[in-house]
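**Q** Before I ask anything, let me first share the structure, which is written out below as C-alpha cells.
The values are calculated or read from the model by the stated rules, or taken from the named source; none is laboratory data. Bear in mind the structure is a predicted one, so any value in this text is a computation, not a measurement. Because the Cβ atoms are built from the backbone with ideal geometry, glycine has one as well, and the counts that use them run over all protein chains shown.
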Amino acid sequence: MEYVIIAFLWLAILLYLVLGGADFGAGIIELFSTSTTRSRTRKAAYQAIGPIWEANHMWLIIAVVILFVGFPVIYSTMSTYLHIPLVVMLLGITARGTAFVFRNYDAVVDDMQRVYNRIFLYSSFITPLFLGIIAGSAVSGRINPDAHTFLSAYVFDWLNWFSVAIGLFTVALCGFLASVYLIGETNIDEDQRSFIRKAKIWNAIAVVCGALVFTAAHAEGIPLFKWILGNTVGLTSVIAASLSLVLMWFLISKRKTIVPRMLAGFQASMILLAISWVHFPDFLIMQNGEHLSLFKHQAPNATMNALAWALLIGSLFIIPALFYLYYSFQKDRFVEKGEGR
Amino acid sequence: MDDFLAARSQMALSLGFHIIYACIGMVMPFFMAVAHYRWLKTGDAAYKNVAKAWSKGVAIFFATGAVSGTILSFELGLLWPKFMEHAGPIFGMPFSLEGTAFFIEAIALGFFLYGWDKFNPYFHWFTGVVVGISGLASGILVVAANSWMNSPAGFDYVNGQYTNIHPMKAMFNNAWFPEALHMTLAAFASTGFAVAGVHALMIVRKRNIHFHTQAFKIAAGFAAVAALLQPLAGDIAAKSVAKRQPAKLAAMEAYFHTQPYSPLVIGGIPDEKLKKVNYGLEIPGLLSFLVYDNFHEQVMGLDQIPEKDQPPVAVTHYAFQIMVGLGMFMMLIGVLYLVAVWFKKHWLESNWLMKLFIAAIPAGFIALEAGWVVTEVGRQPWIIQGVMRTKDAVTPMPGIAYSFYLFTAIYISLSVVVIFLLYRQIRMVPQLYDKKPEQLTLSHN
Ligand code: HDD
Ligand code: HEM
Ligand code: HEM
C-alpha cells in the first residue's frame, strides 16, 4: 500500500508545483510587468485563477496530511529544522490568499486596491522562493541534527547557495508556467503576443537560474550532475524535457494554446522526476549521513492501509468534480469568445 | 516569555482565530442555500440579493479560514513535533478524510461563487449545499482528532512505545460524539446570532427593511433552534467528561473537596492555594444530579487527583461559567423568538426583541471560545490525556516567543482588515440592493 501513498504524495507535490505554480506565476509576471501591460495581465490572470484558486491550493494540504499521517518522522524532522523557512512560506501563503480575495471582494474600489495588490505581488514571489528553498534543503544534505548552535541547527540548513538557487529556479519556473498558461486565456492578439514574449523571457530566466543551481551545487560540493545525468531515468527525463521544449515553441509559433500548456506541465514533471528519482526512497538527506527514507520511516501498516484507502476513495469523488470544474470554466470562456466578446 | 508558554499561546491564538472563520464557513452556506431556495421558489429578488450579499462575505471568510487552516496544519509540526511524530499515524484518519471534504468544498465553492447565472439554477443551488455539507463534515472530522486527545483510543502504550494501532478505533473514540454534536450546534448558534444581530441592527436603523428582514428571519431561525438544543448537548458533553476526565470536570466546577451530595458552584473566585471558592453560590447535590442523575452519589474532586496532574482551576472554571451563562442567555432569546414566530407575531415588529438580538451579536462566539478554553486548558498538563505531557511535545527550537509575536501581529491585522471589509460590504447594501422589490425582479445583476 505504501506505493499508492507515495504515488499520491508525488502527485500532490507535482500538481501543487504545476497548478499552484502557474497561480503564483501569474502574480510574479505581474510584478515584473511594465505598468502599461500590468492591468491586462491582472485581468487575464484573475479570470483564469479566480474559480480554481482554492482547489489549486488544496494540493499542498494533501501533501502535508500525507506526510504527517504516513511519514510522521519526516514531517516532524522537517518542521523542526526548517521551521524558519516554513514560517516565511506560511506568511506568504496567508498574505497572498487573503490579498487576492480581498482585492476582488472589497465592496468599495479605492486606494486600498493598491495595498492589496502590492501584498499580492510580493507574496507571489516570496512563497515559491521559500517553497523552493525548502525543497532544496531537503536534498542538500545540510540539515544537521547534531548541531549545537542556533545558526547551524536552524539557519544554515536552508540558508545556503544551493537551496537559494533552487528557490530562484522555482520562481522562474512559476513565471514560465504562468505565461505559457495565460497565452490561451486571452483572445486579444496584442495580449497574446505579450504573453508569448513573457514566456520567452521567463524561459530564458529559468535557464539562467538552472545554471545557477548547478554552479551553487558545485560550490557546495553537491554532485548534482551525477545525480541527474548519472542514471537512465534522470537522463531520459532531461532529454524528454528538452525535446518537448522545442516542440512547445514550435506549436506556440503556430498559435496553438492547449498542447503547449500540457508540454510546459510535462517539463515541470520531468524536472521533478529527475530530482526525486535519484533519491527515492529517501526524502530528507541529513548532514550526518542518515537519510530519512519513505520506506523505513513510514507509519505502521494499519495506518498506511487506512490512509491509502482514504486517498483512493477520496479521489473517486475529487477527480471527476475537479475535471468538471476546470472544464466548466474553460468552456465558459470559449463560449464567450465565440460570441465575440 | 518562555518558549513553552509561547508555543501554547501561539497554538491557542491560531486555533481561536481559525475556529471563528471555520464556523462561519461551515454555517453560512446553509443560510445562503435557504435564501437561494426561497428565491428560486418565490421569485422574490430580495432573497437572491441576500444570498448574493452573504456569498461575498463568505468568500472573504473562506479565504481567511483556508489560510488559517493551512497555518494550523503546519503549526502542529512546527510547535509540537514530538506529539505529531507519535500521534500523526494514530489520529491521522480524520485528517485524511477531511482532506477529501476540503477538496470537495473548494471545488463546490468555485462553482458557487463564480457560477451565478452561468449554470442551471438548481445545479448552482446544489453546489452551494455541497459547500455546506462538506464544510460541516470537515468540522466534525477534525473534532475527532481533538476528542482523541481527550479520550485516547486505538493503540496500546507500553514502555513508551505506541503499538497495535487501529486508526478507525482511534477515530471513533468515546468523546467524539458528544464533542462533535455540541460543536456543530455551537457553530450554528454563534454564527446565527451574529448574523441575525447585524441584520437586526439594520432593521432598527430602518435601512433596507425588506432585505434585512428576510435575512434576519433565516439566521434567527437557525440560531434559535440551535440555542435551544445547546444546553442538552452540553449536558451530554459534561457527563462524558466526568467519565473520562474527572480532573477536567472538577476544574470546570472548581470542586476541590470530594463529598457526597456534591454541590454545584455557580460563579465565585477559586483560590487554588487554599483550595476553596470565595463568593460562589453553592447548590448541594446538584453536581451529583447533573453527573449521575441522583442527588447523593459522590463526584470525584480535585483532592483525589495528584497535584502534578491537575489543570489550572481558575481559568477553566471562569471559562465554563462564561460559556454556560451565555448559553442560557441565548437559549432565552431563542425561546422568545420561537414564541414570537408561533404565537405573538407582533413581537417581531417590536424594537426590544431586535435589541436583544443586537446584544447577542458577540455572545455565541465568546461562548465558543470559552468552550474551547474549557476543553483545552482543562486537559492540561496532558496533550494526550494520561499518555503524553504537553511540555514533552514542544519543539526544541528556541525563540518561539518571536514567532508568537509575529503571528499575533498577523492575526490582529487580518481581523482588522476583515472587519473593515465587512463594514464596507454592509455600507454598500443600499447602493447594490436598494431598489423596490418589483424593480429588482426585472433588473437584477
Ligand atoms: C455557542 C457556543 C456554546 C454554548 C452556548 C455552550 N457551549 Fe459548551 N462548548 C462549546 C460551545 C458552547 C464549544 C466551543 O463548541 C466546545 C469546546 C469543545 C467542544 O466540543 O465544544 C464546548 C465544550 C463544552 C464542554 C467540554 C467538552 C469536552 O471537554 O469534551 C462541556 C462540558 C460543555 N461545553 C457544556 C456546556 C453546557 C452545559 C452549556 C449550557 C448552556 C454549554 N456548554 C453551552
Ligand atoms: C478550533 C477550536 C479550538 C480551540 C479554540 C482550541 C484552543 C486551544 C487552547 C486555548 C489551547 C492552549 C491550552 C493550554 O496550553 O493551556 C490549545 C492547545 C492545543 N490544541 Fe486546541 N483548540 C481547538 C481545537 C483543537 C483541535 C481540533 C485540535 C486537534 C488537532 C487541537 C490541538 C491542540 C494542540 C496540539 C494544542 C497544544 C498542546 C496543548 O496545549 O495541550 N485543538 N488549543
Ligand atoms: C474544532 C476545530 C476545527 C474546526 C471545526 C474546523 C473546521 C474547518 C472548516 C469547516 C474549514 C473549511 C471552511 C473554511 O475554509 O472556512 C476549515 C478549514 C481548514 N482547516 Fe480547520 N477546523 C478546525 C481545526 C483545524 C485544525 C486543528 C487544523 C489543522 C491541523 C485545521 C486545518 C484546516 C485546513 C488546512 C483548512 C483549509 C482547507 C481549505 O483550504 O479549504 N483545522 N476548518
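**Q** Considering only the range B:39-64, state which residues are assigned to a helix (DSSP H, G or I), away from every other protein chain (no Cβ under 14 Å) and touching a residue at least 12 places away in the same chain (Cβ under 8 Å).
**A** Scanning the range B:39-64 gives B:W39, B:L40, B:A45, B:A46, B:Y47, B:K48, B:V50, B:A51.
**Q** Might you let me know whether the range A:300-307 holds any residue that is within 14 Å of another protein chain (Cβ to nearest Cβ), assigned to a loop (DSSP other than H, G, I, E, B), over 19 Å from B:L141 (Cα atoms) and more than 21 Å from the chain's Cα centre (by Cα)?
**A** yes
**Q** Here's another thing I want to ask about it. Return the pairs, sorted by first residue and then second, in which the second residue is in a helix (DSSP H, G or I) and crowded, with 24+ Cβ neighbours inside 10 Å, the first residue lies in the range B:81-104 and is more than 7 Å from chain A (Cβ to nearest Cβ), the beta carbons are less than 6 Å apart, and the residues are 6+ apart or on different chains.
**A** B:I90/B:A170; B:F91/B:W148; B:F91/B:A170; B:E98/B:S138; B:A101/B:S134; B:A101/B:S138
**Q** Do the conditions hold for A:L91, that is, is it within 9 Å of another protein chain (Cβ to nearest Cβ), on the phi < 0 side of the Ramachandran plot, surrounded by fewer than 20 Cβ atoms within 10 Å (Cβ to Cβ) and within 22 Å of the chain's Cα centre (by Cα)?
**A** For A:L91, the condition - within 9 Å of another protein chain (Cβ to nearest Cβ), on the phi < 0 side of the Ramachandran plot, surrounded by fewer than 20 Cβ atoms within 10 Å (Cβ to Cβ) and within 22 Å of the chain's Cα centre (by Cα) - is met.
**Q** Hey, B:A170 hits all of (1) assigned to a helix (DSSP H, G or I); (2) modelled with pLDDT under 85; (3) away from ligand 2 (no atom under 16 Å from the Cβ) but one; which does it fall short on?
**A** (3)
**Q** For a quick check of your reading of the model, give me the residue pairs whose first member lies in the range B:177-191 and is within 14 Å of B:M331 (Cα to Cα), whose second is of a type in the set (F, W, Y) and more than 11 Å from ligand 2 (Cβ to nearest atom), with beta-carbon atoms closer than 9 Å and at least 6 apart or on different chains.
**A** B:F188/B:F30; B:F188/B:F222; B:A189/B:F222
**Q** Residues being buried (at least 24 other Cβ atoms within 10 Å of the Cβ) and either within 10 Å of ligand 2 (Cβ to nearest atom) or on the phi > 0 side of the Ramachandran plot (or both): count how many of those fall in the range B:128-149.
**A** 2
**Q** Let me confirm something: among B:E349, B:E272, B:E307, which residue is at pLDDT 80 or above and acidic (D, E)?
**A** B:E307
**Q** Just to verify a result, which residue in the range B:372-400, among those that are closer than 25 Å to B:G154 by Cα and of a type in the set (S, T, Y), is farthest from the other protein chains (Cβ to nearest Cβ)?
**A** Ranking the candidates gives B:T375 first.
**Q** Right, something else. Is the range A:283-294 home to any residue that is facing another protein chain (nearest Cβ under 8 Å), modelled with pLDDT of 75 or more and over 21 Å from the mean Cα position of the chain (by Cα)?
**A** Scanning the range A:283-294 turns up no residue that is facing another protein chain (nearest Cβ under 8 Å), modelled with pLDDT of 75 or more and over 21 Å from the mean Cα position of the chain (by Cα).
**Q** Can you name the residue in the range B:109-122 that is in a helix (DSSP H, G or I) and more than 10 Å from chain A (Cβ to nearest Cβ) and is also surrounded by the most Cβ atoms within 10 Å (Cβ to Cβ) among such residues?
**A** That would be B:P121.
**Q** Going through the range B:366-400 one residue at a time, which ones are away from ligand 1 (no atom under 15 Å from the Cβ), surrounded by 19 or more Cβ atoms within 10 Å (Cβ to Cβ) and either within 17 Å of the chain's Cα centre (by Cα) or aliphatic (A, V, I, L, M) (or both)?
**A** B:M388, B:A393, B:V394, B:M397, B:I400
**Q** Determine whether B:I203 is farther than 21 Å from B:W352 by Cα and crowded, with 17+ Cβ neighbours inside 10 Å.
**A** no
**Q** So B:A251 ticks every box in (1) modelled with pLDDT under 85; (2) in contact with a strand residue (DSSP E or B) (Cβ under 6 Å, 6 or more places away or on another chain); (3) surrounded by 17 or more Cβ atoms within 10 Å (Cβ to Cβ) but one. Which box is left unticked?
**A** (2)
**Q** Please find, among A:V64, A:V69, the residue that is within 16 Å of ligand 2 (Cβ to nearest atom) and without any contact (Cβ under 8 Å) to a residue 60 or more places away in the chain.
**A** A:V64
**Q** Could you look through the range B:152-166, keep only residues that are surrounded by fewer than 22 Cβ atoms within 10 Å (Cβ to Cβ), more than 11 Å from chain A (Cβ to nearest Cβ) and touching a residue at least 12 places away in the same chain (Cβ under 8 Å), and pick out the one that is nearest to ligand 2 (Cβ to nearest atom)?
**A** B:A153
**Q** Quickly run through the range A:146-194 and pick out the residues that are more than 30 Å from A:T257 (Cβ to Cβ), of a type outside the set (V, I, T) and part of a helix (DSSP H, G or I).
**A** A:F150, A:L151, A:S152, A:A153, A:Y154, A:W161, A:F162, A:S163, A:A165
**Q** Name every residue in the range B:335-365 that is within 16 Å of ligand 2 (Cβ to nearest atom) and surrounded by fewer than 22 Cβ atoms within 10 Å (Cβ to Cβ), in order of residue number.
**A** Correct list: B:P362, B:F365.
**Q** Something else now. Output the number of residues of the range B:401-428 satisfying the condition of being of a type in the set (V, I, T) and either loosely packed, with under 12 Cβ neighbours inside 10 Å or more than 9 Å from chain A (Cβ to nearest Cβ) (or both).
**A** Summing the residues that are of a type in the set (V, I, T) and either loosely packed, with under 12 Cβ neighbours inside 10 Å or more than 9 Å from chain A (Cβ to nearest Cβ) (or both) in the range B:401-428 gives 4.
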